[in-house]
Amino acid sequence: MRLIVLAALVALAACKEEEAKAPPAPADLTEQALSYFCQMNIAEHGGPKGQIHLEGHAYPIFFAQVRDLVAYLKSPERDAEITAVYVSDMSKAQNWQTPGISNWIAADGAVFVVGSNVAGGMGAPEIVPFGTTAAAEAFISTYGGSTLPLTQIPDDAVLGPVDLDLKLETPA
């Protein structure tokens, strides 16, 4: 009997530990959300968005462009441990100007289009996330680029200067 009780307590403790490690759910994008780097209202800018949850912080930090989110991830200087990263699933977006408030997907499971000729919400070349490879390939057929997982997005796609003379498109 003692062995059964001990096994139940160990299982309960393991379950509680797993609960504690579960990532926080994505937060809906509100009209009050400000972009982390520029402190501009995200709702005023089209294109995909991102959010990063930090340990010890009640609310995520938001990004007006996925490019900026990836730059933050690549930065060695952070205030806290990252507990979750979400990006807009553009295959579920109403359109480029209305990327959605709750169509978030975990960034590590997204398919990213890198190197397309589209501008993100802040005017820089954008990295566009999709929930499926098929949706990403359909986007590529119109706007160019290639697909990569989050871990393979090259530094030069998000860090360094932006060529403001590029002729980038804003998708419909």
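The values are calculated or read from the model by the stated rules, or taken from the named source; none is laboratory data. Predicted model, so just to flag it, every value in this text is computed and none were measured. FYI the Cβ positions are ideal-geometry reconstructions off the backbone, even for glycines, and counts take in every protein chain you see.
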Practice problem: Of the numbered conditions (1) in a loop (DSSP other than H, G, I, E, B); (2) at pLDDT below 95, ASP156 fails exactly one; give the number of that condition. | Solution: (1)
Quiz item: Does ALA58 fit the bill of being farther than 15 Å from PHE112 by Cα and in contact (Cβ under 8 Å) with a residue 40 or more places away in the chain?
Solution: no
Quiz item: Do we have any residue at all in the range 111-122 that's part of a strand (DSSP E or B) and without any contact (Cβ under 8 Å) to a residue 40 or more places away in the chain?
Solution: yes
Exercise. Mind telling me which of the residues GLU137, GLU126 ends up being acidic (Asp, Glu) and within 17 Å of GLY47 (Cα to Cα)?
Key: GLU126
Quiz prompt | Pick from the range 65-92, criterion under 10 Å from the mean Cα position of the chain (by Cα) and closer than 16 Å to MET40 by Cβ, ranking: surrounded by the fewest Cβ atoms within 10 Å (Cβ to Cβ) | solution = ASP68
Quiz item: In the set THR133, THR147, which member is in contact (Cβ under 8 Å) with a residue 12 or more places away in the chain and in contact with a Phe, Trp or Tyr (Cβ under 9 Å, 6 or more places away or on another chain)?
Solution: THR147
Self-check item: Where a residue in the range 86-97 is farther than 11 Å from PHE130 by Cα and its partner, wherever it lies, is among the hydroxyl-bearing types (Ser, Thr, Tyr), with Cβ under 9 Å and at least six apart
Solution: TRP96/THR170; GLN97/THR170
